[in-house]
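Okay, so here's the structure we're looking at.
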Amino acid sequence: MDILDLIVIGGGPAGYLAAQRAAESGMKVLLFEKKKLGGVCLNEGCVPTKTLLNSAKIFDHAKNGQAYGVMARGVTMDTKTVLQRKNKVIQMLVSGVGMTMKKNKIKVVYERAEVIEKTKEGFLVEAGAERYTAKYILAAPGSETLIPPIPGVAKALESGLAITSRELLELEELPGHLAVIGAGVIGLEMAAYCCTAGVKVTVVEMLDKVAGSMDARLSKILQKELEKKGVSFLMGHKVTEVNSHGLVCEKNGETKLAEADKILLSIGRKPVMEGCGLEHIGVAAKHGRVVTDQHLCTSAEGIYAAGDVNGKMMLAHTAYRESEVAVHHMLGIEDEINYQTIPSVIYTFPEFAGIGETEESAREKGLAVKTAELPMAYSGRYVAENADGNGLCRLIMDQETGCLVGAHLLGPYVSEMIWGIAALIDQKVSVEELKKSVFPHPSVSEIIRETIFKL
């Protein structure tokens, strides 16, 4: 039996990129995937949702172009055509991943793989009727939708009244009224898509703010912008029951019914821990997540875990970076993950991007910070392209070091801008040095330069 250098379990972002980077470095790699290459992100998450959101954005522009001198009548959005395009995009990108594996001579086995034991030759992995041995294992089995333990949810899922984002992305006919449980990334993006498509949307959230731990001030602005477009919010409400009419919600002892034809469950995701055999070799887990260090090493030497399974930041770009760090550690290359410099983005209209500390989190850590903010209207291109809107840029500087420790932006294109700030924070470039940077004019990104000069 040939001894492999690396076996990768899971063909999502962490898995396929780890396989690619390892093979490019001369390692002999085998990749196992039980469904489709690309994982949740490519097949039923990041990419398909952005495809649908782009169609909704074009539809919105066509309907509301009067302020720009563009008049269109009888504009409609054909959901079936939107889904056909979405499926075409997925097929093209999944094929691209497959071609990359083939180009790097990485064998892909479409089976569920399980680590059986550690032998003197390496780790023994079983898949189907075959057994394989490798020096290293990278576990990247991904995550699955977290189903809330609310009375009536199981029955609603069985009847089709309640759905996850996976099913929503396949609906050829959208409901008249959608109730969304959870105002996180998935809930807000799907609310934005469905509302733009003409669906009446009600979002129910237990917390008093949307967008989880992202900047509180911008979260409030985003909520108001979505409300302008027609999304209703029940903030601080707990869903106590799901019935055939919708959601029974409670706040301060009072209940109300959020009526719905469909209910989207979007309170988050949980790591997939069962089925890959990590328990056979003593890999430590905590709160349902594999415990990893800054090199993505687990408690079992030679076993690495990357992507959603470690629960650090359930984002595809986090998984990419984790997989590279893990492979570097296998190769003896010095590297480590820095989660503080990984951005988060919500692709609503407007987009919401953030990185590092918020003003609140910085003060909780005892950092002496200075915050500067400017409306996006300080950018000429933003004004030229947006007849209304309340975009904002907030930058947070550590007064002791003079460097940025956080940045939060709301507006168009911010998903394409946040990476630059991430690099600046990671490299600890001082604000005084940043003031020497030249931004193209006119560009929305100039708002960063304008805000820097307020620090």
Within segment 201-215, residues being surrounded by fewer than 16 Cβ atoms within 10 Å (Cβ to Cβ) and in contact with a helix residue (DSSP H, G or I) (Cβ under 8 Å, 6 or more places away or on another chain) number 1
>> Yes or no: segment 71-81 includes at least one residue that is touching a strand residue (DSSP E or B) at 6+ places or on another chain (Cβ under 9 Å), exposed (fewer than 14 other Cβ atoms within 10 Å of the Cβ) and in the same structural domain as Glu126 (by TED's automatic domain parsing).
In response: no
The condition from (1) surrounded by 21 or more Cβ atoms within 10 Å (Cβ to Cβ); (2) under 16 Å from the mean Cα position of the chain (by Cα) that Tyr382 misses is numbered (2)
For Gly122, the lone unmet condition from (1) more than 27 Å from the chain's Cα centre (by Cα); (2) without any contact (Cβ under 8 Å) to a residue 60 or more places away in the chain is (2)
Quiz prompt | Yes/no for Asp308 being buried (at least 17 other Cβ atoms within 10 Å of the Cβ), within 29 Å of Gly39 (Cβ to Cβ), at pLDDT 95 or above and among the acidic types (Asp, Glu) | solution = yes
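Restricting the search to segment 326-363, which residues are small (Gly, Ala, Ser) and either in a helix (DSSP H, G or I) or at pLDDT below 95 (or both)? Can you show your working first?
If we filter segment 326-363 for residues that are small (Gly, Ala, Ser), which is where we start, we get 326, 332, 344, 353-354, 356, 361-362.
Answer for segment 326-363, where residues must be small (Gly, Ala, Ser) and either in a helix (DSSP H, G or I) or at pLDDT below 95 (or both): Ala326, Ser361, Ala362.
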Pairing a residue in segment 21-35 that is in the same structural domain as Met101 (by TED's automatic domain parsing) with any residue that is in a helix (DSSP H, G or I) and at pLDDT 95 or above, where Cβ atoms lie under 6 Å and the two sit 6 or more apart in sequence or on different chains, gives Arg21/Glu324; Arg21/Val327; Ala22/Val327; Ser25/Leu331; Val29/Ala19; Val29/Ala22; Val29/Ala23; Leu31/Ala19
Screening Lys262, Lys220 for residues that are within 26 Å of the chain's Cα centre (by Cα), under 13 Å from Ala191 (Cβ atoms) and basic (Lys, Arg) leaves only Lys262
Taking His287, is it buried (at least 17 other Cβ atoms within 10 Å of the Cβ) and out of contact with any strand residue (DSSP E or B) (no Cβ under 8 Å at 6 or more places or on another chain)? no
(request) Evaluate the following for Gly411: is it closer than 20 Å to Ser219 by Cα, surrounded by 15 or more Cβ atoms within 10 Å (Cβ to Cβ), outside the structural domain of Gly69 (by TED's automatic domain parsing) and touching a Ser or Thr at 6+ places or on another chain (Cβ under 8 Å)? (result) no
(request) Answer with yes or no whether Ala14 is under 19 Å from Val327 (Cα atoms), under 18 Å from the mean Cα position of the chain (by Cα) and outside any loop (DSSP other than H, G, I, E, B). (result) yes
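Between Lys86, Lys102, which is loosely packed, with under 13 Cβ neighbours inside 10 Å and at negative phi? Break it down into steps so the answer makes sense when it comes.
Values: Lys86 fails: loosely packed, with under 13 Cβ neighbours inside 10 Å.
One residue alone meets the criteria, Lys102.
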Of Ile425, Ile396, the only residue that is surrounded by 19 or more Cβ atoms within 10 Å (Cβ to Cβ), assigned to a helix (DSSP H, G or I) and in contact with a helix residue (DSSP H, G or I) (Cβ under 9 Å, 6 or more places away or on another chain) is Ile425
Legend entry - So Gln84, is it farther than 15 Å from Asn43 by Cβ, out of contact with any strand residue (DSSP E or B) (no Cβ under 6 Å at 6 or more places or on another chain) and modelled with pLDDT of 95 or more: yes
Out of (1) within 19 Å of Ile9 (Cβ to Cβ); (2) in contact with a helix residue (DSSP H, G or I) (Cβ under 9 Å, 6 or more places away or on another chain), the one Phe352 does not meet is (1)
Flagged in segment 88-112 as without any contact (Cβ under 8 Å) to a residue 60 or more places away in the chain and under 14 Å from Lys35 (Cβ atoms), in numbering order, are Ile90, Val94
Those residues of segment 284-300 that are under 21 Å from the mean Cα position of the chain (by Cα) and either of a type in the set (Lys, Arg) or at pLDDT below 95 (or both) come to a total of 3
So the strands (runs of 3 or more DSSP E) completely within segment 256-325 holding 3 or more residues that are within 26 Å of Tyr132 (Cβ to Cβ) are 303-305
Inside segment 142-190, the number of residues satisfying the requirement of being closer than 14 Å to Ile267 by Cβ, outside any loop (DSSP other than H, G, I, E, B), within 18 Å of the chain's Cα centre (by Cα) and of a type outside the set (Asp, Glu) is 10
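Listed here are the residues, each with its yes/no results for (1) farther than 20 Å from Gly11 by Cα; (2) acidic (Asp, Glu); (3) in contact with a Lys or Arg (Cβ under 7 Å, 6 or more places away or on another chain).
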| residue | (1), (2), (3) |
| --- | --- |
| Ile281 | yes, no, yes |
| Ala285 | yes, no, no |
| Thr298 | no, no, no |
| Glu322 | no, yes, no |
| Asn338 | yes, no, no |
Note to self: Take the conditions surrounded by fewer than 21 Cβ atoms within 10 Å (Cβ to Cβ) and either of a type in the set (Ser, Thr, Tyr) or in contact with a helix residue (DSSP H, G or I) (Cβ under 6 Å, 6 or more places away or on another chain) (or both) and apply them to Tyr339. Does it pass?
What the structure shows: yes
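The values are calculated or read from the model by the stated rules, or taken from the named source; none is laboratory data. From a predicted model like this one, the values you see are computed outputs, not experimental measurements. Positions of Cβ are generated from backbone atoms using ideal geometry, with glycine treated the same way; all protein chains shown enter the neighbour counts.
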